[in-house]
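The values are calculated or read from the model by the stated rules, or taken from the named source; none is laboratory data. On a predicted model such as this, the values are computed, not experimentally measured, just so you know. Every residue, glycine as well, gets a Cβ built from its backbone with ideal geometry; the counts of neighbours run over all protein chains shown.
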Amino acid sequence: MATKRLSAIIATICIIAVTTAAGCNNGEEIEISLPQTTSQQQIGQIYIGGGVNNPGYYPLKEGDGIEDLIQAAGGLSEDADLDAIELLIAQPGTQDETQKIDINRAPAWLLEALPGIGEVKAQAIIDYRQQNGLFSNINDLLKVEGIGQSTLDDIRDLITVAD
């Protein structure tokens, strides 16, 4: 059921994107074509965010479905709202090249560079890692003493967890 709902959301996003693009082109038709490939070559980048564990840019390959993209982003978060899943297909040359901070490997000084994370919270993150192991997703930061939902929301787009 959730897959059908998510597929409907993606279809709606695509229709809106095509309709918007057509409206911005003074009524001229826009031809959209994908490269012809015989193997699973990367055809672009797609941003997936919202109710996934590791939002960010992921390679889009021929034949990829929404389930593939969700799995690439670490799966759905526990409190995932399928209406809030975000997909953004990057235009060539416009991908956000911002490097995210890996909360599983970052030293204290790098964690302190995050908004709302000072010396005490950075040390709490490191202590939590040492006592409990690596974070499996960025939402695990809520288990760290002193980090609440608003702090996580402020840094969500700046952090990641590597495998």
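How about the range 55-74: which of its residues are under 20 Å from I101 (Cα atoms), part of a loop (DSSP other than H, G, I, E, B) and modelled with pLDDT of 80 or more?
The answer is A73, G74.
Could you tell me which of the residues I126, I159, I147 is hydrophobic (A, V, I, L, M, F, W, C) and closer than 25 Å to A72 by Cβ?
The match here is I159.
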